[in-house]
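Novice: My questions will all concern the structure given below.
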């Protein structure tokens, strides 16, 4: 994805302001400066963010409660200005740019969500006919394990496998001799029961 030019960014923000204003007018909601401040902060992020990061970004510039941030994010998601990604441990947001396809890698172990690009799948999604429906946004999330979590899991498995294996050759010999003795004892027991 190529970086946006300043004029494109400005036009994008203006269109977002227009859509928010129009929605609030149609639904008889108050047009508060806090909502517009949250919208501007959302559109200042280049990628994924969570509500805490948004709160921190606004903290020095504009006084907005966490409750206002959450309700405004919900409003922006309803309008289609924000993409909302619910993970098991956290909710991530991203500004929605018209025509852009959102691809995410979601780690099922640590909850990390990361954006990636795939132009060929993006074209396929946009060209895919959806009968009796007009798509306004495309998002695809691929769930699995990030490289860090996969590495940690493999290390844990190796440690467990090592615990199951004998620690030294002498222990292996003792164990195998013990297994042989046990096998002989069970064979003797079988012969005795067969004779009686």
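No value in this document is a laboratory result; all are computed from the given coordinates. These numbers were taken from a predicted model, which means no experiment stands behind them. Heads up, the Cβs are rebuilt from the backbone with ideal geometry, glycines too, and the neighbour counts pull from every protein chain shown.
Novice: Report the dimensions of region 69-129 along its three principal axes from the alpha-carbon atoms, largest first, rounded to Å.
Specialist: The Cα atoms of region 69-129 stretch 34, 31, 16 Å along their principal axes.
Novice: Sorted by mean Cβ packing within 10 Å, highest first, what order do the peptides 150-157, 17-24 take?
Specialist: Top to bottom by mean Cβ count within 10 Å: 17-24, 150-157.
Novice: Taking a temperature of 20 °C and a viscosity of 1.002 mPa s, what whole-number D in µm²/s does Stokes-Einstein yield for region 1-129 with Rh from Kirkwood over alpha carbon pairs?
Specialist: For these conditions, the coefficient is 135 µm²/s.
Novice: Ok, one more. Whole number please: convex hull volume per residue of the Cα set in region 99-160, in Å³?
Specialist: 106 Å³
Novice: Still on this structure, please answer the following. When DSSP beta bridges are limited to those with both residues in region 99-160, what percentage is antiparallel, rounded to the nearest 5?
Specialist: Antiparallel bridges: around 35 percent, rounded to the nearest 5.
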